[in-house]
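Below is one structure, written out as structure tokens; the observations come after it.
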Amino acid sequence: MVKTPIYMDNHATTPCDPRVLDAMMPYFTTKFGNAASRNHSFGWEAEEAVDKARNQLASIINAKAKEIIFTSGATESDNLAIKGVVEFYKDKGNHVITCVTEHKAVLDSCRALERQGKATVTYLPVDKHGMVDPDDVRKAITDKTVLISIMYANNEIGTIHPIREIGRIAKEKEVIFHCDAVQAVGKIPVDVEKDGIDLLAMSGHKIYGPKGVGALYVRSKGPRVRLTPIIDGGGHERGMRSGTLNVTGIVGFGAACEIAAKELPEEARRLTELRNRLQAGLFERLDEIYLNGHPTERLPGNLNVSFAYVEGESLLMGINDVAVSSGSACTSATLEPSYVIRALGINEELAHSSIRFGLGRFNTADEVDYVADRVTREVKRLREMSPLYEMAKEGIDLKSVQWKA
Amino acid sequence: MSYSDKVLDHYNNPRNVGSFAKDDPNVGTGVVGAPECGDVMKLQLKINDSGVIEDARFKTFGCGSAIASSSYVTELVKGKHIDEAMAIKNTLIVKELNLPPVKIHCSVLAEDAIKAAISDWKKHKDGAEEPQAARAQEK
Ligand SMILES: Cc1ncc(COP(=O)(O)O)c(C=O)c1O
């Protein structure tokens, strides 16, 4: 029997790996120094630890240690990349290209710049699988374009964008390319050289590290990317991000990267297998369920499914010993169904019916089987209660009905 | 968000789920909401010639609070005269189920469903129109 509750929401956050916690512990207690203290051993010890982590981060994305800027998380990294580039290169241009399914950290940074009159932004559409067309990126570039910001892999539907092609276009057109790689780093191979990425955001808590620590990779050569800082102060992190370094968090982030890099090939294979098992378990037993996102170009641990005629939040309520998330309006702060699912062009009702399963390092095949059973049973129960299911079974085309809400 | 015990109870043990024959002249059917908004409630009331609601059935596509609101309403209206039922306010449902502010629309929908079902019954009692369960009714 499996132990409940089962955590299957690893795109939202991941538990800290015990090995990561072990690495962090001394920096809470005996090794508590400030990495900026240059004149005693406490400071040196902390600085050494930060340097080690910087190398561990650099290594997982094939960068150089000095190109890593530590931040409070990927939200800050995205803000710094976008606002920092637009501000620094304002004499060169003011046009930014991004895409409609980006994380809010990217979209709202862009919106803030638009509101302030500092940038004009092109929001590229995605295809029905949630993928950006590199040709659209190319066509959107103008002589005013200073930044392209496209995520590596989407946090809701798991779709992996054609990053290498976009990187190539950015190089060719000499536009800086920022990539929010929060969901990709440690899960699939990411290589800033081969992928042609100039700025890259990552986060500790998505890869079994601690929360509240992130990083921004800033390319130092070919081209050297410059940024105006968004936080002013003591000039830490080569002036790009002031503030006493979160040494414990950084040490944990570094350890998390090292573990993820080492285990990546085996873990990606294992998660893909588990994900496929879950997918088969659901699709074999339920009719009228739909995969959201790309059928193959998808993060190993991601499965996003719409269960027609069943509202997402009610399904979450029914499987209350399983932690997953839904694109249903009822589960979002804005009371709107997921903008990512809606961007796929599927009908609105299916956006309300979407569930995201996020498999991670600590999930097992037994858990997957349990979840597939639990979801199947609950979907069937809720469909028996659903007027839409009844109408559909009677042969009524729901699209032809005039709803009066 | 956590749910009140009453919402959980109605969600886990919904009362009066199901459908009556749509062509039964004593049945009024109300369908309110829209799939793209994430809630659709179908409420059916079996009403006798003196205007007393003898039985009720529901089916709901929506969140747990929407399911609970409709389930609760089926219990609430049974035995009531249609005039009494027409006077039921959504605030009563909010209070009874302890719905948080973001779920008030579920109670509004349930109130609308009662009104829609009764007016459907009246319509075909008056012989003006056949019951049309499949069509969404006006609020
Ligand atoms: C794609 C993506 N970008 C950015 C973030 C924000 O990361 P953080 O929680 O480190 O601020 C997240 C996490 O929700 C994410 O999934």
* Measuring from label point to label point, each 7 Å out along Cα→Cβ, what is the B:ALA21 to A:THR296 span in nm? -> 5.5
* **Translational diffusion coefficient (Stokes-Einstein; Kirkwood radius from C-alpha pairs) of region A:213-252 at 37 °C, 0.692 mPa s, in µm²/s** => 288
* How far, in nm, would the chain grow between A:LYS104 and A:ARG226 when pulled straight, counting 0.36 nm per residue and subtracting the alpha carbon separation? -> 41.6 nm
* Determine, from the Cβ-Cβ distance of A:GLN402 and A:PHE362 and an R0 of 51 Å, the FRET efficiency 1/(1 + (r/R0)^6), rounded to the nearest 0.05. => 0.60
* Put a dot 7 Å past each Cα toward the Cβ at B:MET86 and A:ALA65; how far apart are the dots in nm? -> 8.1
* Asked: Cα centroid distance between region A:26-78 and region A:352-393, in Å?
  -> 43
* Counted charge near A:ARG356, where neighbours are those whose Cβ lies closer than 10 Å (Asp, Glu -1; Lys, Arg +1) -> -2
* **Charge tally in the Cβ shell below 11 Å around A:ASN304, where Lys, Arg are +1 and Asp, Glu are -1, A:ASN304 excluded** => +2
* Using a cut-off of 15 Å between alpha-carbon atoms, which aspartates and glutamates can reach B:LYS125, once sequence neighbours fewer than 8 places away in the same chain are excluded? -> B:ASP23, B:ASP24, B:ASP49
* For region A:138-154, take each phi angle, set θ = phi - 60°, evaluate the Karplus expression 6.51 cos²θ - 1.76 cosθ + 1.60, and give the result in whole Hz per residue in order, putting x for glycine and proline. => 4, 5, 7, 5, 10, 6, 9, 6, 10, 8, 10, 10, 10, 6, 6, 9, 7
* Non-local amide H neighbours of A:ASP9 (under 5 Å, H modeled in plane, Pro and chain starts lacking H): which ones? -> A:GLY358
* How big is the equivalent ellipsoid of the protein assembly as shown along its three axes, where each semi-axis is √(5λ) from the Cα gyration tensor, reported in whole Å from largest to smallest? -> 51, 25, 21
* Normalised convex hull volume, chain B, alpha-carbon set, Å³ per residue -> 92
* Asked: Roughly how many debye, to the nearest 20, is the charge dipole of chain A about its Cα centre, given +1 on each Lys and Arg Cβ, -1 on each Asp and Glu Cβ, and no other charges?
  -> 1000
* **Distance from region A:165-190 to region B:72-101 (C-alpha centre basis), Å** => 56
* **Listed pairs B:LYS46/B:LYS115; A:LYS399/B:LYS115; A:LYS92/A:LYS118; A:LYS128/A:LYS380 exceeding 21 Å between Cα atoms** => A:LYS399/B:LYS115; A:LYS128/A:LYS380
* **q = 0.10, 0.11, 0.17, 0.21 Å⁻¹: log10 I(q)/I(0) that the Debye formula gives for region A:1-145, counting C-alpha atoms only** => -0.59, -0.69, -1.10, -1.29
* Structure fact -> The long-range amide H neighbours of B:VAL17, using H built 1.01 Å from N in the peptide plane and a cut-off of under 5 Å, are B:PHE58
* Asked: Counting Lys and Arg as +1 and Asp and Glu as -1, each charge on the Cβ, what is the dipole of region A:345-405 about the Cα centre in debye, to the nearest 20?
  -> 120
* **Over chain B: helical MRE at 222 nm, DSSP H runs n ≥ 4 each giving -39500 (n - 2.57), nearest 500** => -12500 deg cm²/dmol
* Asked: Setting aside same-chain residues fewer than 8 positions from A:LYS139, which aspartates and glutamates have a Cα under 18 Å from its Cα?
  -> A:ASP127, A:GLU165, A:GLU172, A:GLU174
* Can you work out ³J(HN,Hα) from phi for every residue in region A:50-67, in order, using Karplus 6.51 cos²θ - 1.76 cosθ + 1.60 and θ = phi - 60°, giving whole Hz and x for Gly and Pro? -> 5, 4, 4, 4, 4, 5, 5, 5, 4, 5, 6, 10, 6, 10, 9, 3, 5, 8
* Three semi-axes of the equivalent ellipsoid, region A:18-260, Cα gyration tensor, whole Å, largest first -> 31, 19, 15
* Report, by chain and number, residues whose modeled amide H sits under 5 Å from the one on A:CYS99, excluding near sequence neighbours (fewer than 5 apart, same chain). => A:LEU124
* Asked: What does a probe at A:ARG377 reach in region A:1-26, counting residues whose amide N is under 13 Å from the point 7 Å along Cα→Cβ?
  -> A:2
* To do: Under 16 Å Cα to Cα from A:LYS187, which aspartates and glutamates show up? Leave out anything in the same chain fewer than 8 places away.
  => A:ASP9, A:ASP17, A:GLU156, A:ASP195, A:GLU258, A:GLU263, A:GLU266, A:GLU267, A:GLU273, A:GLU297
* Identify which of B:LYS80, B:LYS95, B:LYS59 has the largest mean-square fluctuation in a Gaussian network model of chain B, with springs joining Cα atoms closer than 10 Å. => B:LYS95
* Asked: What translational D, rounded to a whole number of µm²/s, comes out for region A:295-396 from Stokes-Einstein when the hydrodynamic radius is the Kirkwood one over Cα pairs, at 25 °C and 0.890 mPa s?
  -> 170
* **222 nm mean residue ellipticity, helices alone, for chain A (DSSP H n ≥ 4; -39,500 (n - 2.57); rounded to 500)** => -12000 deg cm²/dmol
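Values quoted throughout were computed directly from the atomic coordinates according to the rules given, and no laboratory measurement underlies them. This is a predicted model, so every value here is computed, not measured. Cβ: placed from backbone, ideal geometry, glycine included. Neighbour counts: every protein chain shown.
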